[in-house]
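In what follows, a single structure is set out as structure tokens and then discussed.
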């Protein structure tokens with residue numbers, strides 16, 4: 001998304017008021033409305049000029065020529081990053097609700113996730129998504145680098161559960177194409193090194209490995225090994241065998257953005273037929289982009305999946321022994337009550353991460 005422009009205090013206040021009024025009403029907002037309902041102590045003409053500047057900056061737009069203005073994805077991003085004011089009362093209310101309601105889900109960890117998703121959907125009015133824990137405890141049995149083209153290699157990994165994963169990568173070896181035997185020899189040496197370093201390690205350990213401390217003999221492969229680490233994280237992140245609990249589709253259908261079936265048809269198709277595509281969007285491994293954020297917020301076209309381009313996804317990892325194993329998310333229209341959604345997701349992730357939880361995986 002484009003770099004956010006610098007805004008004066010007045011422009012920030014008018015943008016914040018416009019967004020909050022639109023979130024509450026789902027109606028385009030005009031300068032007269034803001035002048036009447038907010039204490040700006042300036043004329044509606046001044047507000048109208050400010051809204052025009054915000055539109056020029058790409059933060060607001062007019063759905064129709066004669067209508068008021070509504071926030072763009074960039075406007076929501078500016079709001080989320082700089083203008084939101086969190087109320088601690090929301091956190092306390094949500095924490096109390098989760099503790100009371102989730103005490104009922106004591107049959108199994110699956111029952112706990114199902115109940116948590118139901119609570120998230122009910123409290124937010126949006127779609128709740130919770131992934132089951134990732135299976136990262138398989139140990140590496142063997143790996144091999146195999147040349148598949150002059151500039152590409154295939155990394156093949158076999159775990160102790162005899163699951164196989166393969167990753168196509170750029171070749172780390174820059175040798176004349178004609179000398180194929182030399183390429184194979186170099187790749188075998190590198191494969192032997194990787195097996196020596198990684199054999200017996202869990203996928204969890206491999207995904208968080210620091211490749212900066214490697215044998216000096218293999219220093220020339222540092223860039224390749226770092227790329228390999230990123231590819232491994234992405235591969236584990238997109239493991240499509242991890243189930244996702246989904247609740248609240250009926251709730252989100254009540255939102256005016258989805259009042260017509262054609263507006264939500266592609267989203268329903270994603271949720272019902274291709275839920276595995278949601279995992280890499282929700283779950284972030286250590287070292288991946290945004291992995292240091294407690295809560296990740298992807299607004300509109302920031303989402304990589306096209307059916308979600310009219311939606312916002314708010315997600316957070318939950319942990320076991322300080323390692324992320326799953327993710328909690330809320331999916332709704334970009335006209336979302338962000339304060340509540342963020343608090344709901346963060347508190348639910350914290351609850352599932354609590355070591356005292358008897359179903360901590």
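Read the figures in this text as sums done on the coordinates, not as results from a lab. All of these numbers come straight from a predicted model, not from anything done at the bench. Note that each Cβ is placed from the backbone with ideal geometry, even for glycine, and that neighbours are counted across all protein chains shown.
Sort 329-338, 66-75, 163-172 by the packing proxy (mean of other Cβ within 10 Å over each peptide's residues), most packed first.
329-338, 66-75, 163-172
Counting other beta carbons within 10 Å of each Cβ, put 82, 309, 196 in order, fewest first.
196, 82, 309
Does region 1-158 come out rounded, prolate or oblate, given a ≥ b ≥ c as the square roots of the eigenvalues of its C-alpha gyration tensor, rounded meaning a/c under 1.5 and, failing that, prolate meaning a/b above b/c?
The shape class here is oblate.
If R0 is 56 Å, what FRET efficiency do you get for residue 294 and residue 180 from their C-beta distance, rounded to 0.05?
It comes out at approximately 0.70.
For the pair residue 61 and residue 96, how long in nm is the line joining their label points, each one 7 Å along Cα→Cβ?
4.2
Rounded to the nearest angstrom and ordered from largest down, what semi-axes does the equivalent ellipsoid of region 9-83 get from its C-alpha gyration tensor (root of 5λ)?
Over the Cα atoms of region 9-83, the ellipsoid semi-axes are 16, 14, 12 Å.
What is the extension gain from residue 41 to residue 196, computed as 0.36 nm multiplied by their sequence separation minus the C-alpha to C-alpha distance, in nm to one decimal?
Length difference between fully extended and current span is 48.7 nm.
Give the relative contact order (percent, whole number) for region 292-336; include only Cα pairs under 8 Å separated by 6+ residues.
Contact order relative to length: 33 percent.
Report the relative contact order of region 9-83, percent, no decimals, based on alpha-carbon pairs under 8 angstrom and at least 6 residues apart.
It comes to 36 percent, rounded to a whole number.
Taking neighbour Cβ counts within 10 Å as the exposure measure, how do 54, 198 sort from fewest upward?
Ordered from fewest to most neighbouring Cβ atoms within 10 Å, 54, 198 come out as 198, 54.
Can you put 21, 185 in order of Cβ neighbours within 10 angstrom, beginning with the fewest?
185, 21
Report the label-to-label distance for residue 309 and residue 220 in nanometres (one decimal), using points 7 Å from each Cα along the Cα→Cβ vector.
The modelled label-to-label distance comes out at 4.5 nm.
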